[in-house]
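What follows is calculated from the coordinates using simple rules that are stated; it is not laboratory data. What you are looking at is a predicted structure, and each value in this text was computed from that prediction instead of being measured. FYI the Cβ positions are ideal-geometry reconstructions off the backbone, even for glycines, and counts take in every protein chain you see.
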Amino acid sequence: MRSFRLLLLVLAMLPAACGDLPEPFRGNPGATARVLAQPPTPRLAVPTPRTALLSDAAAGSFANALASALQTQEVPAVAGPAQPGDWRLNTTAALHGDTVMPIYKVVDPTGKDRGESDGAPVPSADWANAVPTALSTAATQAAPNIASLLTSIQATIQHADPNSLYNRPAHVDVPPVTGAPGDGNLALTTQLRALLGKLGPMVQDTPANADFIVRGQVKMVPVADDQQRVEIQWTVTTPTGDERGRVVQLNNVPAGSLNGYWGDIATVVAQEAAGGVRDVILRQSGRDPNASAATPARPAAPATPATPATTKPSP
């Protein structure tokens, strides 16, 4: 499933700490890793609304504003006509006295209505005159509710599918780590595979039938006072290469101290990273990282949108 990681990239920067090895890598909980929300669409098209009580020019501007606002909510939205396979956000508007109520409807690639969200009322004069600040504010206010609606739709789809990642453990390929001095590549790979596997995912050393691939890369950067900055990145992607999340660990160590045997250092690094990688995978599977991660979650009712009074997922 394609993500708008092409437009937005969010990293989890774990804080550096000081101390003797292996303590610099302790206390950097990988579980704080942030990831982009994965809506239920390869792409969400936002066509120019033709029945929203706006002129053609204003309608086009509003579609652009909506797409931009949704992108800030980490939704892969693009202003323009839907392409084959796209989901679609149709916008209409209703006049209520001296205000206009925008209405946003989510339509799947088959043309089925999946839910709708009501926007905040806009003074009818501002809407009719396409006052830029009014349209921009309407788009900005609507975006969080639409993103919440998409998340609810995704949860509904995943919960209903017995083969979805919500209902089974993810299969995760962990290829060999690269870039580490000494025996770091082997040690880090071995430890992450072992520790991540204890947290629930089915870890494998081949990409065959994998749901996600976790690649580790190490960089050693010389810094002042005869130190080296160790930069370790664990990137979670789909088998097609679409990035889903990233855990980053940064620490300073004495120069050359990792040129040989990593030992317990690799264990500590992997312990801290495994939780963050696990959380990325759980979120991408539609599951709550704060719930028990050892076993697949049981099907449950989808999460309630942030403002249930204005978002209405369709069955």
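Annotations
- Restricting attention to segment 44-160, close to 75% of DSSP beta bridges with both partner residues there are antiparallel.
- Segment 146-252: chymotrypsin sites (Phe, Trp or Tyr not before Pro) falling in loop per DSSP and having at most 12 other Cβ within 10 Å: none
- More than 18 Å apart - percent of Cα-Cα pairs taken over segment 79-222: 71 percent
- Take 142-154, 253-265 and order them by the average number of nearby Cβ atoms within 10 Å per residue, most first; the result is 142-154, 253-265.
- Computed over segment 44-160: relative contact order in percent, which uses C-alpha pairs under 8 Å that are six or more apart: 25 percent
- Rg and Dmax of segment 73-145, Cα atoms only, in Å: 13.3, 39
- Electrostatic bookkeeping for N290 treats Lys and Arg as +1 and Asp and Glu as -1; over the other residues with beta carbon under 12 Å from its beta carbon, the sum is +1.
- FRET efficiency, 1/(1 + (r/R0)^6) with R0 22 Å, evaluated for D288 and K198 via beta carbons: 0.70
- Label-to-label distance, nm, for residues given as A255 and Q227 (7 Å Cα→Cβ offset): 1.4 nm
- Database remark: amide H of Q227 closer than 5 angstrom to the amide H of A255 (H placed geometrically; neighbours at sequence offset of 5 or more, or on other chains; Pro and chain starts carry no H).
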